[in-house]
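Here's the structure, in structure tokens; my notes come after.
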Amino acid sequence: MFRSLLLLSLGFLFLNFADPARAEKRVALVIGISNYQQVPRLNNPAHDANALTGLFKKAGFDVVEEEHDLGIANLRRAIRDFTEKSRDADIAVVYYAGHGIEVDGANYLVPADARLLSDFDVEDETVSLDRVLRALDPVKRLRLVILDACRENPFSNTMKRSIASRSIGRGLARVEPAAPNTLVAFAAKAGAVANDGDGENSQYASALIKYIAEPGVDLRLALGRVRDEVLKRTGNRQEPFVYGSLGGDNLSLVPASAKPEETDADARIDYELAAQVGTREVWDAFLTHHATGFYANLARAQINKLTAAEQFQATADNARREAEEQAAQKAEKLAKIREVPAGQGAAEKQILLEQSKKELEETKKQAELAQQRAESARQELDQAKRQAVAEAQRQVEEAKRAARENSQKTAALTPDQAVQPVAAPSSPQMGQADVTRLLQAHLTRVGCNSGQMDGNWGESSQHALELFNKNAKTKFDTRIASLEALEAVRSKSDRVCPLVCGKGERVSDDHCVEVGCASGYFLNSRGACERRHEPAARQRSATKRLTPPSPSGGGGPLSCTLDATGHREGGGFRCKYF
């Protein structure tokens, strides 16, 4: 069920697979190589391979082989073994994440133990893409090779050329599969490179997971959506590309199946659950399951509002950070000027000090204004989320009222006058799991954190309802998630349970913020501001020439040592004549 996955993952964009048709045999080989022995490690291939393996297993593939960090011998063995497993398959997929190189127009997969000291070693230490394609020759309907390997060639600068004219390209070379119904998908088009990505998965792998296993969706359309997604996420810097061709039949990795007709009550419950979490990921997940209809349009409107508020907050936060950096730079500049000995340039130093003080005051004012704008933007984002909850409740009530009115009108038109019109129930019929999830979501919204919103009424949920009872002066049985408790918690539009902040934090407009201490103070272990004790200034001595009268009445020069205050050290004369 959508709502179970939604609340367990808080926005994980899931795919809801139907049982595949058992008449088709589907097999997949997934290879991820991260731990290269001669070049720097790649972070994402291991994660990408794990994610694609999970995808194919969820999609109901008959065979899913997963391999990691293979050397050349094991890589060749894995491809040879997969040839046997795909011999009677209708659909076969090979996914490879790691380094790939192009030499003289041919593409090669680079195993973990490759050294590639010269271009002559390529055929011995790598596996050609042609070999992978030949391994899929027996497959009947669809052969798909996905190469998430269009990274910068790490061997290009160290590999010696046996022939000066031999070409070693950037990225991978375009291919023209000879076998029919064969597609080769690159993470970036021929001659271009793809980034490994900063997240747990590469941009390409993330888009594949999102689109290629949608039930009943033609693979060409799915890969087109992958391309659009990666282009959008990378600012048009990376364009996935597909080579090969298919016939006119619809070909999908996951067959379509008849889905049970979705009821308006299901969409209503899911919409209300999504509103309690209120993140973009959750709204996207809602639209994945409820792509059309009344509540889908409402969800898109909520996404647009949230996007505008998030963009405003991001802009304000950037301005705040820049202002704070400028203020810090001005303060550092002022401190350095103060450390410069005055000497002969006392007047100049004083002028610089005054100028720096003015600049510092001005940047502090700008930083304060930027902080106010950032706080205002945060409040607007919070308000947008609160409005989403309020609007969801209002929209749901309007929909229920309209349903009741339509039911009454339909009943009034029936020819059997003996049958009295029956009004629709005030709430759609919900199972206990739905009541529990909704109650958990609303308890979290009003500040009585229920823990995980998974439909299991455990100790954390019971404690949350106990807190609600205490602060709302109610007496609901905490051992069960009742519809009465749900209606009571749902009716609260603001926080009910007080916010409790951790050490070093304070409450600010329904949020915990870090305690800031004034200049000369620091945050101690108790979370309070304490005056910083500066070390005593060291006494500095200087030698100064004086010309007091000599004991004999002469006026010869003498040298005296003075302390930092201008007094003679020790209170007595320490002078000697020259």
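The values are calculated or read from the model by the stated rules, or taken from the named source; none is laboratory data. From a predicted model like this one, the values you see are computed outputs, not experimental measurements. Here the Cβ is made from the backbone with ideal geometry for all residues, glycine too, and neighbour counts use every protein chain on show.
Taking the stretch 306-329 only, how many residues are over 16 Å from E380 (Cα atoms) and aliphatic (A, V, I, L, M)?
Count: 4.
Is it the case, given these coordinates, that P425 is outside the structural domain of S482 (by TED's automatic domain parsing), touching a helix residue (DSSP H, G or I) at 6+ places or on another chain (Cβ under 6 Å), in a loop (DSSP other than H, G, I, E, B) and at pLDDT below 70?
Against the criterion (outside the structural domain of S482 (by TED's automatic domain parsing), touching a helix residue (DSSP H, G or I) at 6+ places or on another chain (Cβ under 6 Å), in a loop (DSSP other than H, G, I, E, B) and at pLDDT below 70), P425 does not qualify.
State yes or no: is E84 assigned to a strand (DSSP E or B), modelled with pLDDT under 95 and surrounded by fewer than 24 Cβ atoms within 10 Å (Cβ to Cβ)?
Taking the combined requirement at face value, the residue does not satisfy it.
Confirm whether E102 is of a type in the set (D, E, K, R) and modelled with pLDDT of 90 or more.
Spelling it out, it is not the case that E102 is of a type in the set (D, E, K, R) and modelled with pLDDT of 90 or more.
Can you tell me which residues in the stretch 358-371 are surrounded by fewer than 17 Cβ atoms within 10 Å (Cβ to Cβ) and within 14 Å of F312 (Cβ to Cβ)?
Within the stretch 358-371, none qualify.
Out of (1) more than 25 Å from K385 (Cα to Cα); (2) at pLDDT below 85, the odd one out for M453 is which?
For M453, the exception is condition (1).
Does the stretch 330-357 hold any residues that are under 30 Å from R378 (Cα atoms) and exposed (fewer than 13 other Cβ atoms within 10 Å of the Cβ), and which are they?
If the condition is that a residue be under 30 Å from R378 (Cα atoms) and exposed (fewer than 13 other Cβ atoms within 10 Å of the Cβ), then E332 is the only one that fits.
So which pairs qualify, if the first residue must be in the stretch 375-386 and in the same structural domain as A314 (by TED's automatic domain parsing), the second must be of a type in the set (D, E, K, R) and surrounded by fewer than 19 Cβ atoms within 10 Å (Cβ to Cβ), the Cβ gap must be under 6 Å, and the two must be at least 6 apart or on different chains?
Close Cβ pairs (under 6 Å, with a partner that is of a type in the set (D, E, K, R) and surrounded by fewer than 19 Cβ atoms within 10 Å (Cβ to Cβ)) amount to A384/K305.
Of the residues that sit in the stretch 227-255 and are among the polar types (S, T, N, Q) and part of a loop (DSSP other than H, G, I, E, B), which one is modelled with the lowest pLDDT?
Here the residue is N250.
Is it the case, given these coordinates, that F286 is in contact (Cβ under 8 Å) with a residue 12 or more places away in the chain and either surrounded by fewer than 18 Cβ atoms within 10 Å (Cβ to Cβ) or assigned by TED's automatic domain parsing to the domain that holds P215 (or both)?
no
For the stretch 94-148, give me each residue that is over 17 Å from Y36 (Cα atoms), of a type in the set (A, V, I, L, M) and assigned to a helix (DSSP H, G or I).
Within the stretch 94-148, L129, V132, L133, A135 meet the criteria.
Taking V184 as the residue in question, decide whether it is over 20 Å from the mean Cα position of the chain (by Cα) and not assigned by TED's automatic domain parsing to the domain that holds K140.
So V184 fails the test.
Spot the failing condition for G293; the list is (1) surrounded by 15 or more Cβ atoms within 10 Å (Cβ to Cβ); (2) touching a helix residue (DSSP H, G or I) at 6+ places or on another chain (Cβ under 9 Å); (3) at pLDDT 75 or above, and only one is missed.
It fails just one condition, (1).
Looking at A342, A374, A346, which one is at pLDDT below 80 and either among the charged types (D, E, K, R) or closer than 19 Å to E514 by Cα (or both)?
Exactly one residue qualifies, and that residue is A374.
From (1) under 25 Å from the mean Cα position of the chain (by Cα); (2) closer than 29 Å to D494 by Cβ, pick out the condition that doesn't hold for R394.
With (1) under 25 Å from the mean Cα position of the chain (by Cα); (2) closer than 29 Å to D494 by Cβ applied to R394, the lone miss is (1).
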